[in-house]
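The values are calculated or read from the model by the stated rules, or taken from the named source; none is laboratory data. What you see is a predicted model, and the numbers here were worked out from it, not measured in a lab. Positions of Cβ are backbone-derived with ideal geometry, glycine not excepted, and every protein chain shown enters the neighbour counts.
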Amino acid sequence: MDTQRLIKKAQALYPNTDLDITKIQLNQHVLENYGFDGYQIHYDDDLIIIASKTERGHFYGLLDVFSGNPSTTLNKAKVEERGLHVDMGRKFFSEAWFMDTIELMARLKLNTLQMHFSEHLGFRIESKRFPQIVSREHLSQDAVRRIIKHANDYYIDVIPSFDSPGHLQVVLEAYPEYLMENTTMGLDITNPKARSFIKEIYDEMDDLFHTSTSFHMGADEFIDFGKYDEFPKLEAYAKEHFGPNAKGFDTFVDYINDIASHIQGRGKTVRAWNDGLYRIDQEPTIILNKDIIITYWTSWNPKMAPVQTFVDRGHNVVNYMDSLLYFVLGENAGYTYPTETSIMTSFEPDRFPNRHETCEGNLEQRSKTLGAMFSIWCDKPEALTTEEVALKIQDPLRAFALKCWHEN
């Protein structure tokens with residue numbers, strides 16, 4: 001561990017400090033009670049000693065020292081993953097915006113940034129393979145590499161998010177031959193060429209995000225999941241490939257498994273939204289890949305599976321808790337902007353959506369909960385400027401970070 005490099009990295013986030021850095025000492029302790037990224041600060045005469053078992057833990061201890069708010073109690077996170085999701089598909093966010101946001105995340109000890117770069121209103125990263133799908137306002141691949149490096153320098157993993165087979169309106173406007181009939185933004189998942197086309201986009205973006213450990217494949221809001229009978233093509237495909245008892249939703253699950261297997265074969269874990277999976281009105285013939293991490297955001301529809309179902313089937317989960325953690329521009333779809341008070345009062349990383357309420361996690365759920373994510377969604381992209389977004393998320397994001405970190 002390069003102590004001086006680490007000290008200077010933390011000090012750069014608090015440039016006005018006049019602390020004598022020669023008095024700081026980093027000790028590596030391998031103790032189980034340090035948990036996720038845990039650390040403890042000790043004082044020995046004029047020395048400041050930070051103990052941790054990881055480099056990131058030492059970095060977080062240094063942040064406390066340089067912020068002027070060091071505590072001598074053991075500090076550790078409740079969950080391993082503490083993140084921010086940014087819908088940059090509907091609204092363009094500049095490289096400078098991401099750089100500033102990454103530094104804010106580092107100061108708050110958040111360690112995951114999810115860049116949701118494609119939506120029905122835009123595709124916001126340069127594609128060299130398919131330039132016609134790219135929106136006018138977008139980040140170059142070189143800019144994305146700089147963003148990823150800046151994040152990684154501050155111990156933040158960057159997760160790419162490319163939603164399919166739904167939310168593909170901009171992509172499919174350029175390639176209408178792959179559009180599912182009776183939809184405006186759904187991929188024809190019965191068409192092998194359409195699947196191959198989408199895999200090529202995943203491949204290009206996966207190459208770009210090569211330091212990432214995970215890829216979010218979306219898999220939400222493809223169609224109205226209660227109306228598969230309006231899409232007979234899906235059921236016909238299922239019966240042809242999976243047997244006479246197969247249904248349209250088997251084709252959907254098969255697509256998810258197909259894309260997941262493709263991405264996993266490139267060395268990444270795969271994530272998917274919960275709303276279309278294991279619904280209580282469906283009994284698929286095809287079994288969902290249990291290694292897919294479920295990002296659980298809602299159970300507003302009574303047919304949606306509770307989080308316990310995913311745990312029972314062997315999935316790890318990440319808590320997106322839409323009612324408390326969704327910052328939706330324009331407060332669209334009945335959402336209100338999250339506040340510091342609402343999060344401090346009601347949010348816990350293991351408290352998941354239960355219809356329009358919340359439910360406490362049990363011990364089994366806690367063991368399968370990787371973390372939690374605060375999300376910026378740009379449903380009405382012109383409702384706020386990017387500068388206003390940056391300002392308005394600071395207090396609720398700080399509260400979110402605290403609730404993911406402090407034990408008491």
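Filter the stretch 323-338 down to the residues that are under 20 Å from the mean Cα position of the chain (by Cα) and not in a helix (DSSP H, G or I), then identify the one that is farthest from Asp379 (Cα to Cα).
For the stretch 323-338, the residue satisfying everything is Pro338.
For the stretch 357-408, the set of residues classified as modelled with pLDDT under 95 and in a loop (DSSP other than H, G, I, E, B) consists of Glu360, Gly361, Asn362, His406, Glu407, Asn408, listed by residue number. The residues listed here are Ile41, Ile49; of these, the one that is touching a Pro at 6+ places or on another chain (Cβ under 7 Å) and not hydroxyl-bearing (Ser, Thr, Tyr) is Ile41.
Each row is one residue, and each column tells you yes or no for (1) assigned to a loop (DSSP other than H, G, I, E, B); (2) hydroxyl-bearing (Ser, Thr, Tyr).
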site	(1), (2)
Asp258	no, no
Ser261	no, yes
Val270	no, no
Leu277	yes, no
Pro284	yes, no
Asn289	yes, no
Thr295	no, yes
Gly314	yes, no
Ile343	no, no
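Consider the stretch 22-71 and keep the residues that are under 27 Å from the mean Cα position of the chain (by Cα) and basic (Lys, Arg). The one that is farthest from Ala106 (Cα to Cα) is Lys53.
Evaluation of Val79 against the conditions (1) touching a helix residue (DSSP H, G or I) at 6+ places or on another chain (Cβ under 7 Å); (2) without any contact (Cβ under 8 Å) to a residue 60 or more places away in the chain; (3) over 24 Å from Asp203 (Cβ atoms) shows that the sole unmet condition is (2).
Whenever a residue of the stretch 20-45 is farther than 19 Å from Ala77 by Cβ, its partners that are loosely packed, with under 11 Cβ neighbours inside 10 Å, lying with C-beta atoms within less than 6 angstrom and at least six residues away or across chains, give the pairs Lys23/Asp46.
Scanning the stretch 192-203 for residues that are farther than 19 Å from Ile292 by Cα, surrounded by 17 or more Cβ atoms within 10 Å (Cβ to Cβ) and of a type outside the set (Phe, Trp, Tyr) turns up Ala194, Ile201. When Phe93, Phe66 are checked against the criterion of being assigned by the TED database to the domain that holds Val134, of a type in the set (A, V, I, L, M, F, W, C) and either in a loop (DSSP other than H, G, I, E, B) or at negative phi (or both), a single residue qualifies: Phe93. Close contacts from the stretch 89-100, counting a first residue that is hydroxyl-bearing (Ser, Thr, Tyr) and a second that is exposed (fewer than 15 other Cβ atoms within 10 Å of the Cβ) and outside any loop (DSSP other than H, G, I, E, B), with Cβ to Cβ under 6 Å and a gap of 6+ residues or different chains, come to none at all. For residues in the stretch 29-51 being touching a strand residue (DSSP E or B) at 6+ places or on another chain (Cβ under 9 Å) and assigned to a helix (DSSP H, G or I), which is farthest from Thr3 (Cα to Cα)? Taking the candidates together, the pick is Asn33.
Restricting attention to the stretch 162-188, the residues that are part of a helix (DSSP H, G or I), among the aliphatic types (A, V, I, L, M) and under 26 Å from the mean Cα position of the chain (by Cα) add up to 3.
When the criteria are applied in full, Glu181 fails the requirement of being under 24 Å from Tyr320 (Cα atoms), modelled with pLDDT under 95 and acidic (Asp, Glu).
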